[in-house]
Amino acid sequence: MADAARLDPRITPARGDIAAAFLRGQVTAARYVEGEIFAVIAPQAPMRRAPRPDAVLDTEALYGERITVYDRTEDGWAWGQLEQNGYVGWIPEAALARPGPMPTHKVAALRTLIFPGPSIKLPPLEMLPFGAMLAVETLAPPFAVLAAGGHVPLVHLVPVSHTEADPVAVAERLLGAPYLWGGRSSLGLDCSALVQTALTACGISCPRDSDMQEAALGRAIDMQEIRGGDLLFWPGHVAMARDAMTMIHANAFHMAVAIEPIEVALARIAASGSTLSSVRRVMD
């Protein structure tokens, strides 16, 4: 059997002391557990590398996402694997609850509000990010009434089956959002989250991190062929071409989602010691 440490810990729910039961026979662990499914009830919940509030933020789980929990600590942390992209990490137990009805809708605005009743004058209960998933019980225009309680502006929602047509247009909605390592919302996100958010909204399955994306998405093309929607990869970084001349990316140079000329970005990143590793076409 493989040593759990040799597998990618980002997407493998296995440690030396515990592993998911479905990995029995594939990894060695002291014990194997089936896990329990929970739903994320925080707008965005941190998934950290260790069960501490000061540990590295590896990614975030968004409202409505499912997570299978395999381990808990006495001080309120849960270790599990996200259903949507398979990411593994530690999440505050307070951000989780037993799942209710399956989501029917998702947030299509950058952010939306949950009101306690059918009036925008009421103090909002919560603010939800783009991509958050909701179980809608009834439609009462101009609101959707949630199964868990609360009213959300119907204009901000689309059915979970809805797909956007253009990932570049989705990415551009996040222009100016601050750069945040591990973030996944308009309050802060990183380069690979921007790409994942844009592609997922268009119905394209996309891994979480840039190295995973480079390995899994599309086909390699020559730089001379580049067009809108193509992805540019460097070690540890990814950007999306808007057209043959410009690109959009969440980056630590601007500390934001920014648009810049491709040639300018190539030169600046090369000057920092990193060279382009590939250009990939995801949508033909």
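The values are calculated or read from the model by the stated rules, or taken from the named source; none is laboratory data. Since this is a predicted model, take the numbers as computed values, not measurements. Neighbour counts run over all protein chains shown; Cβ positions are idealised from the backbone, glycine included. Protein only, heavy atoms only, side chains kept; ligands, DNA and RNA dropped before computing areas. Shrake-Rupley method; radii C 1.70, N 1.55, O 1.52, S 1.80 Å.
Of everything in segment 20-46 that is free of Cβ contacts under 8 Å to residues at least 24 places away in the same chain and not basic (Lys, Arg), the residue that is most open to solvent (accessible area, probe 1.4 Å) is GLU34. For segment 1-19, a residue qualifies if it is modelled with pLDDT under 95, open to solvent by less than 70 Å² (accessible area, probe 1.4 Å) and out of contact with any Gly (no Cβ under 8 Å at 6 or more places or on another chain), and the qualifying residues are ALA2, LEU7, ASP8, ARG15, GLY16. Of the strands (runs of 3 or more DSSP E) contained entirely in segment 120-208, those carrying at least 3 residues that are without any contact (Cβ under 8 Å) to a residue 40 or more places away in the chain, over 28 Å from ALA258 (Cα atoms) and open to solvent by less than 30 Å² (accessible area, probe 1.4 Å) fall at 143-146. Within segment 47-56, if we keep just the residues that are of a type outside the set (Gly, Ala, Ser) and over 23 Å from LYS106 (Cβ atoms), the residue that is most open to solvent (accessible area, probe 1.4 Å) turns out to be ARG49.
Scanning segment 251-267 for residues that are in a helix (DSSP H, G or I) and surrounded by fewer than 16 Cβ atoms within 10 Å (Cβ to Cβ) returns GLU263, VAL264, ALA267. Taking the criterion of being open to solvent by less than 20 Å² (accessible area, probe 1.4 Å) and not in a loop (DSSP other than H, G, I, E, B), the residues of segment 61-75 that qualify are ALA61, LEU62, ILE67, VAL69.
Would you check which residues across segment 227-250 are part of a strand (DSSP E or B) and surrounded by fewer than 20 Cβ atoms within 10 Å (Cβ to Cβ) and list them? THR246 - this is the single residue of segment 227-250 that is part of a strand (DSSP E or B) and surrounded by fewer than 20 Cβ atoms within 10 Å (Cβ to Cβ).
Checked against the criteria, ALA55 does not count as touching a residue at least 24 places away in the same chain (Cβ under 8 Å), in a helix (DSSP H, G or I) and more than 15 Å from the chain's Cα centre (by Cα). Selection over segment 76-118 of residues that are part of a loop (DSSP other than H, G, I, E, B) and either among the small types (Gly, Ala, Ser) or in contact with a helix residue (DSSP H, G or I) (Cβ under 9 Å, 6 or more places away or on another chain) (or both) gives a count of 9. How many residues does segment 268-281 hold that are open to solvent by 30 Å² or more (accessible area, probe 1.4 Å) and outside any strand (DSSP E or B)? Count: 8.
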